[in-house]
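The values are calculated or read from the model by the stated rules, or taken from the named source; none is laboratory data. Everything numeric here is computed off the predicted structure, so don't read it as measured data. Note that each Cβ is placed from the backbone with ideal geometry, even for glycine, and that neighbours are counted across all protein chains shown.
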Amino acid sequence: MEKNWDSTLVYTMKQLGLKKNNDLRNYCYYFRAYSFKQKKLFNQAKKEFSNVSNDFKFYYKVKINLAEIALEQNKYEEALEYFNQIEKLPVKIIYDFKKSTVLHNIGLCYLHLKKFDKSEEYLFRGAYLQEVEKDTVMLISSYVGIATLYYDQYKDSQAIPYFEKAYQLSKRTKSFDLKQTTTLNMAVVEENRKNFPLALTYRKEYEAWKDSLNDQNKVWAIAEVEKKFAIKQKQKEVNVLAAENKAKIAERNGFLISSVLLFVLLGTGVYFYRQKIRNNKIILAQKNELDELNATKDKLFSIVSHDLRSSVNALKVSNSKLLDSLESKNYTELDVLLHKNSSIASGTYNLLDNLLNWALLQTQQGYFYRESLHLIRIVEHVEYNYKPLMLNKNIDFKSNVSVSDYVFADMDSLKIIIRNFLDNAIKFSKENGTISIYSRPSSEEFCYLVIEDSGLGMNEATRKELLKETILLSKKQNDDVIGTGLGMQLCKSLIRKNEGKLDIESEENVGTRIIIALPKFKTHG
């Protein structure tokens, strides 16, 4: 828009070197071609126009520019081909070019090709539109073209009125070029008519317009020189002021730098002091946490080793009795002892399994992958392994998990959670008790799985202790049913890792409800 063609060429080349965008590249090629055309570098312009794709929104402007270049290069047949394509564009669409100019250029092409009939048709059509549009400059060009058309055919009587019209119209314009051209045409006409006094008058007027044009160019040149001189003078004043300001700024900066340095030193001292206090607090908190973890670890190992020793010792004593019963052929006692051994072995295996899973979780070595899981299928898989244990205690088991519940969780960790809570429900249940596993109505975010038993239950203090983040239950109320609490700790950690929630509802000697909330899988929600 500033007609700075060199800068246009630089920036479009930079853009073309960036990421490909066909529409943007078309604009770049078009602007480059147009810039070359304005610089009169027609061959380079044609080369850039050829890079614009046919689907470019303004491709008709490419054809107009190529036609004008061909006209400038006196390639009239080529120019006609492009101008004719422009003339045939759909009339229903509004284009940003003047049809009168296209018609005028077609007339000029035919004029140069000596096709006078065609030239006359198009020049008159263009002139008519220019009269309607009141485009004085182009109308003068059309009148000159029409006059030249007739003059080349020696039809002076038809040519001269249009030369005169062009001359009269030129007086209304500010263009010295048009005034000069039309005046020269009138001088030539009068010379050919042997009217030398009038021809001389037109010649003098022509020279006057020529001098005016030169004077105008000189005025512009002088104005440019004066402008440059004024800029230099102003620049000198600016340089003097800049030097003075520089001295003042240096003085002010010295004071500011001293102040800033002092402030930075003070701020640095305060920062490091606060950082030291903060680091000491972090170190103290980490030490307390480490001491608590070590205490928990020591307590865990103590309880686990004690329970393992008790289990192995119980198994040893039971095996001794088993051998005695086998020798005495006391098959009733033998059956009881075998079931007891099986229960001890199962409990010890569960303890070791929980210990292994807890260790993998703490060291982050376990495989963990969350996916869509059909909750009822996971429950059925786990409960299948525990039905024999429930039959041994004559426990009535009911399962009513919703078939529509899909959760987003890790399958292995979900099985460990359900297995531990189901195992606890069996251990805490008495003979002929009941265990139910079912779904509660789900919310927008979670599915709720409930494991309910009619066992020993617990008081409110124990319930709250179990729900704490780091508690390990070590207080033993009954050696047959209370373990290390490692299973509960493992379940809480795995539920948290699956972004779920745990809640417990319980009453002593009535039973316990374990409520596990797991994230719902949205696709099936």
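Take the residues in the range 484-515 that are under 15 Å from Arg463 (Cα atoms) and of a type in the set (Val, Ile, Thr), then tell me which one is modelled with the lowest pLDDT.
Among those residues, the one meeting the criterion is Val510.
Which condition from (1) among the charged types (D, E, K, R); (2) at pLDDT 90 or above; (3) within 45 Å of the chain's Cα centre (by Cα) is the one that Asp453 breaks?
Status for Asp453: all satisfied but (3).
Of everything in the range 9-23 that's under 18 Å from Ser50 (Cβ atoms) and of a type outside the set (Asp, Glu), which residue is surrounded by the most Cβ atoms within 10 Å (Cβ to Cβ)?
Thr12
Would you point out which residue out of Ser342, Ser413, Ser404 is at pLDDT below 75 and among the hydroxyl-bearing types (Ser, Thr, Tyr)?
Step by step, each of Ser342, Ser413, Ser404 is checked, and only Ser342 is at pLDDT below 75 and among the hydroxyl-bearing types (Ser, Thr, Tyr).
With the range 1-54 as the region, which helices (runs of 4 or more DSSP H) entirely inside it contain at least 2 residues that are touching a Cys at 6+ places or on another chain (Cβ under 8 Å) and more than 15 Å from Glu68 (Cβ to Cβ)?
Per the criteria, 5-16.
Got a sec? Which of Glu371, Glu383 is within 41 Å of the chain's Cα centre (by Cα), modelled with pLDDT of 80 or more and acidic (Asp, Glu)?
Glu371
Identify, please: which residue in the range 20-46 is of a type outside the set (Phe, Trp, Tyr) and in contact with an Asp or Glu (Cβ under 7 Å, 6 or more places away or on another chain) and is, among those, farthest from Tyr59 (Cα to Cα)?
The extreme case among them is Arg32.
Ser100 versus (1) free of Cβ contacts under 8 Å to residues at least 24 places away in the same chain; (2) touching a helix residue (DSSP H, G or I) at 6+ places or on another chain (Cβ under 7 Å); (3) of a type outside the set (Asp, Glu): which is the lone unmet condition?
Condition (1) is where Ser100 drops out.
Sort out which residues of the range 379-408 are closer than 19 Å to Pro441 by Cβ and in contact (Cβ under 8 Å) with a residue 40 or more places away in the chain, and write them in order of number.
Val379, Lys398, Val401, Ser402, Ser404, Asp405, Tyr406, Val407, Phe408
Go through the range 317-335 and give me each residue that's in a helix (DSSP H, G or I) and within 21 Å of Asn392 (Cβ to Cβ).
Those that are in a helix (DSSP H, G or I) and within 21 Å of Asn392 (Cβ to Cβ): Val317, Ser318, Asn319, Lys321, Leu322, Ser325, Tyr331, Thr332, Glu333, Leu334, Asp335.
Conditions: (1) of a type in the set (Ser, Thr, Tyr); (2) touching a Phe, Trp or Tyr at 6+ places or on another chain (Cβ under 7 Å); (3) modelled with pLDDT under 90. Thr8 meets all but one. Number of the miss?
(3)
Is one or more of the residues making up the range 155-169 closer than 20 Å to Lys75 by Cβ and either crowded, with 22+ Cβ neighbours inside 10 Å or at pLDDT below 85 (or both)?
No; the residues of the range 155-169 include none that is closer than 20 Å to Lys75 by Cβ and either crowded, with 22+ Cβ neighbours inside 10 Å or at pLDDT below 85 (or both).
Report, by residue number, each residue of the range 416-441 that is among the polar types (S, T, N, Q) and surrounded by fewer than 20 Cβ atoms within 10 Å (Cβ to Cβ).
If the condition is that a residue be among the polar types (S, T, N, Q) and surrounded by fewer than 20 Cβ atoms within 10 Å (Cβ to Cβ), then Asn432, Thr434, Ser436, Ser439 are the ones that fit.
A quick yes/no check of all residues on (1) at pLDDT below 70; (2) of a type outside the set (D, E, K, R); (3) assigned by TED's automatic domain parsing to the domain that holds Lys415; (4) loosely packed, with under 10 Cβ neighbours inside 10 Å:
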position: Gln286; (1), (2), (3), (4): no, yes, no, no
position: Glu292; (1), (2), (3), (4): yes, no, no, no
position: Thr296; (1), (2), (3), (4): yes, yes, no, no
position: Lys299; (1), (2), (3), (4): yes, no, no, no
position: Arg309; (1), (2), (3), (4): yes, no, no, no
position: Asn313; (1), (2), (3), (4): yes, yes, no, no
position: Thr332; (1), (2), (3), (4): no, yes, no, yes
position: Asp335; (1), (2), (3), (4): no, no, no, no
position: Leu360; (1), (2), (3), (4): yes, yes, no, no
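Out of all the residues in the range 493-519, which are surrounded by fewer than 19 Cβ atoms within 10 Å (Cβ to Cβ), under 44 Å from the mean Cα position of the chain (by Cα) and either outside any loop (DSSP other than H, G, I, E, B) or of a type in the set (Ser, Thr, Tyr) (or both)?
Result: Ser493, Arg496, Lys497, Lys501, Leu502, Asp503, Ile515, Pro519.
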